[in-house]
Amino acid sequence: MPVSKKQILLSEEEVYTKISSWCAYQERCHSEVREKLYGFVQENDVIEEIIFRLISENFLNEERYAKAYAGGKFRIKKWGRIKIRQELKQKGLTENCIRIGLDEIDNADYHKTIALLADKKLPELKNEKNRFVLRKKIADYIIRKGYEPDLVWEAVNTMVSE
């Protein structure tokens, strides 16, 4: 009878080797690693031991993860600070780590991105004649991406004048 992958038991060292190379490939947070480890190991003490070892050997670092996550989501997906904060909180990062991650986002770039998103949305709404509705639709779009409403409205009102 063939043996399935689930039935093959790995030693603690083999699990550590797999997980450490997985962490070396890309920044990971503790909750992601813990979830992945549950696929290999059922004992909590072994999981915690592996996580401790990953931290001590610098494979896991939540501040570094927060910086990479915040910078990446801002640059690539154009997410705002509110959405990035919520996602990092959901991953179980501390408020201090979240703050450090969000500090990676340059304020000038942040404001430029809000203007860029507004410029991108404007042509999609070319048939909208009412300026108030136009502004509201543009602002709603940018706010849904996680930007602060006061910054968004300031940019939208500047861009779409009477």
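The values are calculated or read from the model by the stated rules, or taken from the named source; none is laboratory data. None of the values given here were measured: they were computed from a predicted structure. So basically every Cβ, Gly included, is an ideal-geometry build from the backbone, and we count neighbours across all protein chains shown. We work out accessible area using only protein heavy atoms, side chains counted, and drop any ligands, DNA or RNA first. Shrake-Rupley method; radii C 1.70, N 1.55, O 1.52, S 1.80 Å.
Numbers for the structure displayed
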read-out: Difference of contour (0.36 nm per residue) and Cα-Cα distance, residue 125 to residue 86; value: 11.1 nm
read-out: Sites residue 150 and residue 96, calculated FRET efficiency, Cβ-Cβ separation with R0 22 Å, nearest 0.05; value: 0.30
read-out: Probe 1.4 Å, accessible area per residue of the range 41-87, Å²; value: 57 Å²
read-out: Tilt relative to the chain, helix 131-144 - C-alpha long axis, 0 to 90 degrees, to 10; value: 10 degrees
read-out: In degrees, nearest ten, helix 81-90 long axis to first principal axis of the chain (Cα); value: 20 degrees
read-out: Kirkwood-Stokes translational diffusion coefficient of the chain, alpha-carbon pairs, 10 °C, 1.306 mPa s, µm²/s; value: 86 µm²/s
read-out: Leading residue at positive end of dipole, the chain (Cβ point charges), from 46, 25, 115; value: 115
read-out: Nearest-20 debye value, the chain charge dipole, Cβ charges on Lys, Arg, Asp, Glu; value: 1160 debye
read-out: Tensor-based shape of the range 59-127 (alpha-carbon gyration tensor, a/c under 1.5 rounded, otherwise prolate or oblate); value: prolate
read-out: Difference of contour (0.36 nm per residue) and Cα-Cα distance, residue 106 to residue 75; value: 10.1 nm
read-out: Percent carbon-and-sulfur accessible area, the chain, ignoring ligands, DNA and RNA, probe 1.4 Å; value: 52 percent
read-out: Helix 44-56 vs. the chain, principal-axis angle (Cα, 0 to 90°, nearest 10); value: 70 degrees
